[in-house]
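Report on the structure given below.
The values are calculated or read from the model by the stated rules, or taken from the named source; none is laboratory data. All of these numbers come straight from a predicted model, not from anything done at the bench. Cβ sites come from the backbone with ideal geometry, for glycine too, and all protein chains shown count toward neighbours. Protein only, heavy atoms only, side chains kept; ligands, DNA and RNA dropped before computing areas. Shrake-Rupley method; radii C 1.70, N 1.55, O 1.52, S 1.80 Å.
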Amino acid sequence: QFLFVVTFTTFLLCCVEYDVLFANRPLNHSHAGGAAPDRGKVTLPDAVLPAPQCAQRIRASGWIIFLLVMAAVFWLYRLVKVLCSLLSYWEIRTFYIKALNIPSEGLCNYSWQEVQARLISLQRQQQMCVHKRELTELDIYHRILRFKNYTVAMVNKSLLPVRFRLPLLGPVVFLTQGLKYNLELLLFWGPGSLFQNKWSLRPQCKRAGARRELARRLARAMVLLGLANLLLCPCVLVWQLLYAFFSYAEVIKREPGSLGARRWSLYGRHYLRHFNELNHELQARLSRGYKPATKYMNSFTSPLLTVLAKNVGFFAGSILAVLIVLTVYDEDVLTVQHILTAITLLGLVVTLARSFIPDEHTVWCPEQLLQRVLAHVHYMPDHWQGNASRSETRGEMAQLFQYKAVFILEELLSPILTPLILIFALPTRALDIVDFFRNFTVEVVGVGDICSFAQLDVRNHGNPQVGGCPGLGGPGWGGPGSGPAHPPAPQWLSAGQTEASVYQQAENGKTELSLMHFAITNPRWQPPPPSELFLSHLKEKVQQDAAAAPPAQRILAEGPLGASLLS
């Protein structure tokens, strides 16, 4: 794709005669037999310059030469990276076939739990990890998700990403693929990062006396990386614009409403992710929550916008209908200048206008819809409870579940905003980031340095001031802000078991929820005694609440959605 985009764009810039293509300049065709030249008809080959003339145009433009050189360097870097990945993938394939006895053609028939069980069994037989006899499911997750767990924990403790309050827009959270790549470069695997290799933090990061010096170095690295991003900004911005155009132009023409579709934002994926949750587990959970979240967000409508959309759709549709009828009556209408452009644009306007007109049969029940979302995404701020119909709640939900158009716009703005964030916003957090890595890193034998939150230790990181959970003894998962999610929901049973200070506690009950999720996903895992005690108490509470709960028919009948279903 990269080679195609670069080659095709160069061809469009330097090898096409647009005066001929747009018929601004007459072109004579010579025909055998002395036939009169056809001056009106232009073919595509007529508009393409010969190869020598095309090459001459490219050589004459210093800008294009510079961009092509930069593209070639980047492509070579990607080529080396792909070759290294292929070697790594070949080793993985060989390991699966020879060590785990899983043939490549049958791999799709195995679940992750089956692969993991074979890996644990192989450790007992061949002692792959020499530092410990037994590998647990948690050890395997720690190795795979070492850096991911740190990132999820920093998002949970509000160290990342950067938040802004903008006029008219209000609170804005900015996290793009480009910014995420730069953060990983700074913290995990770049030159001078806090990690000295893939499994070990630098020794000076663990010493309290070196924190200020490390923070100064990290802040300086952020500024230098920001300046490098600023220098490369024109190249990256050009690439982003071209890639977005080639990726979405045809889709927008075919389905204009696709820009109004939603997706889980990058920030939302980190905010909603449990500790020790693999990519496919997270994707499955968020995919289950996609339709309920879409229904909830679509339940908000503006009467003024609806009236405006109906009128705009009516006017544009009327003009479009007349143009279509004229075209059907006489196809020569299509030869009128810009008539196809008008038909295409009017079709886009009609489709966009329709997307703002709500279904007249929609039932307004935001509380029930938000509870359905919560059943899958598991995290919700306390102040959302009972306020599902408020525009503030919808705005905060939109940060997690954004329009595709917003996602595209953020990625296009990323080359401009990422350098500014690295230079001006992040250096002030350097000391907090260094302290975070020092305070929340533990060394596990056979695994290396990991984020202590990922140990799922309720005693050291539990948060007892968070409410219950849907389907497990309470109406809602806890969120930021501490108090119970919905009185009289029970507080977490880690109350009285945790020794964590406010700084050490994971926000939103993430330790408890991650522990529950990991125990359900890996039923053979043996948790440590404090975690096992928490899980056993929780099971007892669930059974008590289930026994005392009213019949399902009564619960359903209490809300408008339930009454509608029962009818």
With the structure loaded, tell me whether Leu67 is over 24 Å from Leu135 (Cα atoms) and either in contact with a Leu (Cβ under 9 Å, 6 or more places away or on another chain) or aliphatic (A, V, I, L, M) (or both) or whether it fails that test.
yes
If you go through Ser200, Ser158, the only one that is closer than 30 Å to Ala117 by Cβ and polar (S, T, N, Q) is Ser200
Identify the residue in the stretch 344-395 that is open to solvent by 80 Å² or more (accessible area, probe 1.4 Å) and not in a helix (DSSP H, G or I) and, among all such residues, is nearest to Leu320 (Cα to Cα).
Phe356
Select from the stretch 290-304 the residues that are surrounded by 13 or more Cβ atoms within 10 Å (Cβ to Cβ) and either in a helix (DSSP H, G or I) or modelled with pLDDT of 95 or more (or both) and list them in ascending order.
Tyr290, Pro292, Ala293, Thr294, Lys295, Tyr296, Met297, Asn298
Within the stretch 94-115, work out how many residues are of a type in the set (A, V, I, L, M) and in contact (Cβ under 8 Å) with a residue 60 or more places away in the chain.
0
Take the residues in the stretch 257-284 that are open to solvent by 30 Å² or more (accessible area, probe 1.4 Å), among the small types (Gly, Ala, Ser) and part of a helix (DSSP H, G or I), then tell me which one is nearest to Phe300 (Cα to Cα).
Gly260
Determine, yes or no, whether Leu230 is assigned to a helix (DSSP H, G or I) and open to solvent by less than 50 Å² (accessible area, probe 1.4 Å).
no
When Pro523 is evaluated against the numbered criteria (1) at pLDDT 90 or above; (2) closer than 21 Å to Leu272 by Cβ, which criterion, by number, is the only one it fails?
(2)
If a residue must be over 28 Å from Trp239 (Cα atoms) and open to solvent by 60 Å² or more (accessible area, probe 1.4 Å), how many such residues does the stretch 396-422 contain?
1
If we scan the stretch 234-250, do we find a residue that is of a type in the set (D, E, K, R) and either surrounded by 14 or more Cβ atoms within 10 Å (Cβ to Cβ) or in contact with a strand residue (DSSP E or B) (Cβ under 6 Å, 6 or more places away or on another chain) (or both)?
no
Looking at the stretch 123-134, I want the residues that are at positive phi and have a partner that is modelled with pLDDT under 90 with Cβ atoms under 8 Å, at least 6 apart or on another chain. Which pairs are those?
Gln127/Arg133
Does the stretch 158-186 hold any residues that are of a type in the set (Lys, Arg) and surrounded by 15 or more Cβ atoms within 10 Å (Cβ to Cβ), and which are they?
Lys180
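Every residue, every condition in (1) basic (Lys, Arg); (2) assigned to a helix (DSSP H, G or I); (3) at pLDDT 90 or above, yes or no:
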position	(1), (2), (3)
Met128	no, no, no
Lys132	yes, no, no
Ile140	no, yes, yes
Val155	no, yes, yes
Leu159	no, no, yes
Phe164	no, no, no
